[in-house]
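All of the numbers you see were taken from the coordinates with simple rules; none came from a lab. All values reported here derive from a predicted model rather than from experimental measurement. Please note: Cβ atoms are built from the backbone with ideal geometry, for glycine as well, and neighbour counts cover all protein chains shown.
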Amino acid sequence: MAGLATSLGAGASTNSLSQMADMDLLFLFGSNPNEGHPIISLWLKKGLRNGAKLIVGDPRKTWMARRADVWLNLKPGSNIAMLNGIVNVILENGWENREFIAKRTEGFEELKAKVREYDLDRVETLTGVAKENIIEAARLYSHAKKAMVVYGLGVTEHQTGTENCIAIANLALVCGHLGKPSTGIMALRGQNNVQGASDLGPLPATLPGYQSVALPEVREKFEKAWGVKIDPKPGLKSVEMLDECRRGNFKGIFILGEDPAQTDPDLHHVRGALEAVEFLVVQDILPTETTNFADVILPGASFAEKDGTFTNGERRVQRVRKAIEPLAGMADWEVICKLSTLMGYPMHYNHPSEIMDEIASLVRIYGGINYARIEKQGIQWPCPTKDHPGTTTLYTDLFSRPGGLAKFIALDHKGSGELPDKEYPYVLITGRIREHYNNGSMTGRCSGIVEIVPEELLEISAEDASALGIGHLEQVSVSSRRGEIKVKAKITDRSQPGNVFLTFHHRNALSNLLTSGFRDPITGTPEYKSCAVRIDKL
Amino acid sequence: MGTTISGKLVTIKVNNSVLSCQSGKTVLEACRDANIKIPTLCYDKRLEPYGGCRLCLVEVKGFSKPLSSCTTPIEEGMEIITESDELTRLRKTSLALILSNHPFDCPHCEKTGDCQLQDIAYEYGCDWEGSNGRDAQLISSTLNGEKWDLPRRDDNPFITFEPNKCILCARCTRICNHVVMAGTIDITGKGFDSLPDTAFRRPRSLENCEFCGQCVSTCPTAALTDRQGRGKGRKYQMKQVKTTCTYCGTGCNFFLNVKNNKVVKVTSDYDAPVNRGNLCIKGRYGYDFIHSKDRIQTPLIKRNGKFYEATWDEALGLVASKFRELIDKYGPGTVGGFSSSRCTNEENYLLSKFVRCAVGSNNVDNCARV
């Protein structure tokens, strides 16, 4: 999210999901919504049925890739080269939106100079995508009236994740495809409340509402509201806290509803950290790999057991309602209040609506939101005042950067942290399938889902399988420099030769034992989408 | 998911009252917006106009025959009648045709109390014999023909198919092919043998089905029902609680159906701004975990490598004193919290506040990046 924030001002999708029905071009990049976001895929399909053209950038031959007007089957990790190449084609042909660039952006000359280095020959070599497809993608995108870029974790889960997002913003800005209905950039969020969790400040360098902890006036506002002194020094990111645990410098962690011991990359490192930390408290609804390491486990309440709000990927704040009593007697928000009070900082709220009222008083983008207003339908932030209707389309007038201008940022291709070699010749891409969810702690306990998808399968192309002498559903070992797992192989043309795919849904085949420790230096997002593995027949 | 509406306003007259409606709407949509009731069985606002069930017939001035309101766009000056003896007779005949091949097992049918066919049959008084000589004759002679006698199919964990209860409205096949674009089912066979089914009537599996249950959500009868919810209660015995899905970041709304403090089923919310009644496999069928026997029901404290059950007071007392001890001994910079993009906004805010205020550091992060 840092990428879009850098270029445009806010780390958020620019439009409403329902606007997807009316676009005339969809550029789907690093996202497989049919599996990861099935209901968003329905909006996209509606757009396609209404006649929208389709460009898909994905190393996997997904449902959308099969139906694409242009499929950019790029090598994993070559996103920046791909996007620079497309921008270069647009500029060379004069297809850019000069008026938009002049009036609403800055830094164009730097971008222009940089992308010139990405001629078609070079981009074809770096990405593996045929030149004519790059040209066609550039032509289609730049000539569209209402073009949306929809991207997913295939863009962000790289060591260059932030830069990949910036590269997407560069492309949209060059064509002026922002600030109008059905025209913009949509980031698809993996988890129900990624947007809200980012908005509301469990982040080490910002207080709720992306307000920098380094700014004295921000601290002053929160110090007044909270009645404490706030440390001006940014804290540690979760991965850094874990690093410090291993070094013996970090002593106590409270983990709320997260499972780093299964879902973080390079699990041996994570598990070493969780073992090393002196006192670990984990609150969760179900036992996970992480709860094994806890000194105290606190029961969590599921979404059915509490009141509150989630903010979705289009910035819509919507109600979560208590349908049944918390099974363990307390909702998570009550537990935090009680713990805080016991530690000498009293917190008391009668209902989560009072917490939202406090949020609204401190966070401008949520300023006009309260439970009464979102009783029937959620509101999309920014919603600064009680009479503001919310915002369906961002940046119709100004970008939320200083001066109101969006910024072009010149970028270079870096590639993945770990590339295939003789010893580990395949690229492993990890991701989701539709039926399961993340660590599988929830869907793995849904009997019907377990019945239809009981186990992990390695998706491998027929070419690679035959070279390795592997048959469909035969057992194989997948290993990387960090670990090994045993799974069955599924031969499918969804994988291109050289690439294989695993999910991370199954506790008995922990694919994150394989993934690398490379991370985006800005956000700390791990490079889940690319690491080198070898495959052996068992 | 809604038709494209242009901003232009059109004036029409329905049953002698004047309505101002947005152009691009159908007669049915315009009437329903104005709370004028028109019966339908094949209509679902998520689908494109179809005109199959013939129950939504209306009289339009200037047309010699009744028109299906769901496929007729409104036009300036249109004069429409939605209720008349002739329309009632036509609707009853259509209903009689549908019911002539429908099992009357309503007392133990899964859909009773939530069945569109049952509701419309009740409204139009399906006890025609005696009340209306002409319809009685229709039923007893012409319509007392062959009936389907096909077995119920439970060939997958989620969707039960009772073909005998199908009225061939094609809502299931249309939502599968036009909205989901999964192509799992289509109308197979010809004439009396027509049925919505999979290719070669194979069992549903991941090879041919996404198990999103969209077909179930649109079925107006009990032909398609949620297998997991069967026998768990009538709709009117359950509390419907509107909420937001806990899985991905799309933000779909739906109703949790609760009976005896248990979530027994998920049903669609057609007014939801994001999903408009649509759901995927996880949203519709991924709720078992709520009542999983594996749920952590009580705080647990680890002693000598083993977890022991504890009360909330014991556990929170221990956590508070241990964190205080670490803060006092090593400084607040050595203690922190991981928040969760699975939890609510309010909880994320509170955890951020807790670490800043009760711990005294900025060591708080979420798993948004993971």
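Under the rule of -39500 (n - 2.57) per DSSP H run of 4 or more residues, summed and divided by the residues of chain A, what mean residue ellipticity at 222 nm is obtained, to the nearest 500 deg cm²/dmol? Display every interim value, and only then the final one.
Numbers: 20 runs with 171 residues, N = 538.
The helix-only estimate for chain A comes to -9000 deg cm²/dmol at 222 nm.
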Cα gyration tensor shape for the protein assembly as shown, rounded if a/c is under 1.5, else prolate or oblate:
prolate
Of A:Lys322/B:Lys235; B:Lys61/B:Lys165; A:Lys46/B:Lys147; A:Lys338/B:Lys259; B:Lys329/B:Lys353; B:Lys45/B:Lys242, which sit over 27 Å apart, Cα to Cα?
B:Lys61/B:Lys165; A:Lys46/B:Lys147; A:Lys338/B:Lys259
What nm distance separates the two modelled labels at A:Asn93 and B:Lys37, each placed 7 Å from Cα along Cα→Cβ?
5.8
Given charges of +1 on the Cβ of Lys and Arg and -1 on the Cβ of Asp and Glu, with all other atoms neutral, how large is the dipole of chain B about its Cα centre, in debye to the nearest 20?
1060
If one takes the longest principal axis of the Cα atoms in chain B, at what angle in degrees, from 0 to 90 and to the nearest 10, does the Cα axis of helix B:345-354 lie?
10
Per its Cα gyration tensor (rounded if a/c is under 1.5, else prolate when a/b beats b/c, else oblate), chain A is best filed as oblate
What 222 nm value per residue comes from the helices of chain B, counting each DSSP H run with n ≥ 4 as -39,500 (n - 2.57) and dividing by all residues, nearest 500 deg cm²/dmol?
-6000 deg cm²/dmol
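Out of every Cα pair in the range B:1-118, what percent are spaced more than 19 Å from each other? Don't jump to the answer; show the numbers that get you there.
Numbers: 3477 of 6903 pairs.
Counting pairs separated by more than 19 Å, the tail of P(r) holds 50 percent.
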How many nm is it between the label spots at A:Glu117 and A:Tyr349, if each spot is 7 Å from the Cα in line with the beta carbon?
4.8
For B:Lys37, list the aspartates and glutamates whose Cα falls under 17 Å from its own Cα; do not include residues on the same chain fewer than 8 positions away.
B:Glu29, B:Glu59, B:Glu79, B:Glu83, B:Asp85, B:Glu86, B:Asp119, B:Glu123
When the scattering of the range B:159-291 is computed by the Debye formula from its Cα atoms alone, each counted once and equally, what is log10 I(q)/I(0) at q = 0.22 Å⁻¹?
-1.41
With the 8 Å Cα cutoff and a minimum separation of six or more residues, the range A:131-188 has a relative contact order in percent of 45
Exercise: per-residue mean of other protein chain Cβ atoms within 10 Å, A:325-334
5
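Could you order peptides A:391-404, A:317-330 by the average number of other Cβ atoms within 10 Å of their residues, highest first?
Values: A:391-404: 15.6, A:317-330: 20.8.
Averaged packing, sorted descending, gives the order A:317-330, A:391-404.
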State, as an integer percentage, the relative contact order of chain B based on alpha-carbon contacts under 8 Å between residues 6 or more apart.
10
Helix B:312-330 vs. chain B, principal-axis angle (Cα, 0 to 90°, nearest 10)
50
Rough spin-label spacing in nm, given labels placed 7 Å along Cα→Cβ, for A:His472 and B:Thr311:
6.0
List the aspartates and glutamates whose Cα lies under 16 Å from the Cα of B:Lys262, skipping any in the same chain that are fewer than 8 positions away.
A:Glu305, A:Glu325, B:Asp288, B:Asp294
Computed over the range A:200-262: relative contact order in percent, which uses C-alpha pairs under 8 Å that are six or more apart
23
Residue pairs, from the table A:Lys75/A:Lys131; A:Lys229/B:Lys322; A:Lys386/B:Lys25, whose Cα atoms sit over 24 Å apart:
A:Lys386/B:Lys25
Enumerate the calculated ³J(HN,Hα) couplings along the range A:16-26 in order (Karplus 6.51 cos²θ - 1.76 cosθ + 1.60, θ = phi - 60°), each rounded to whole Hz, writing x wherever the residue is Gly or Pro.
8, 4, 5, 5, 4, 5, 9, 6, 10, 8, 10
Please say if the range A:194-380 is rounded, prolate or oblate, where rounded means a/c under 1.5 for a ≥ b ≥ c the square roots of the C-alpha gyration tensor eigenvalues, and otherwise the choice is prolate for a/b larger than b/c and oblate otherwise?
oblate
